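Undergrad: Below you'll find the structure I mean.
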Amino acid sequence: WKMSITDVLSADDIAAALQECQDPDTFEPQKFFQTSGLSKMSASQVKDVFRFIDNDQSGYLDEEEL
């Protein structure tokens, strides 16, 4: 069984959050969390989402992973 990020976050919310930070120097973590739906989750749920996205397990999310 494979989990998809859209199992926990809305595809439309993800797209909107990514759209908001397309231009250089426009990433605002609080706004990203709110738009993507992450702000509605518990800390444990956010960690699970982070681990899911962090494909190389570096502890950071790079552009390719987003």
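The values are calculated or read from the model by the stated rules, or taken from the named source; none is laboratory data. Values in this document were obtained by computation on a predicted structure and should not be read as measured data. Don't worry about glycine lacking a Cβ; one is built from the backbone with ideal geometry, like all the others, and counts go over all protein chains shown. Please note that ligands, DNA and RNA were not included when accessible areas were found on the heavy atoms of the full protein model with its side chains. Shrake-Rupley method; radii C 1.70, N 1.55, O 1.52, S 1.80 Å.
Undergrad: If we only count helices (runs of 4 or more DSSP H) wholly inside the chain, which ones have 2 or more residues that are within 10 Å of the chain's Cα centre (by Cα) and at pLDDT 90 or above?
TA: 11-20, 29-36
Undergrad: Only residues that are closer than 15 Å to Ser10 by Cα and aliphatic (A, V, I, L, M): list them for the stretch 22-52, please.
TA: Leu38, Met41, Val46, Val49, listed by residue number.
Undergrad: Follow-up question, since we're still on this one. Sort out which residues of the stretch 20-66 are on the phi > 0 side of the Ramachandran plot and open to solvent by 100 Å² or more (accessible area, probe 1.4 Å), and write them in order of number.
TA: Scanning the stretch 20-66 gives Asp25, Gln57.
Undergrad: Checking Ala17 against (1) touching a helix residue (DSSP H, G or I) at 6+ places or on another chain (Cβ under 9 Å); (2) surrounded by fewer than 13 Cβ atoms within 10 Å (Cβ to Cβ): exactly one of these is not met. Which one?
TA: All conditions pass for Ala17, except number (2).
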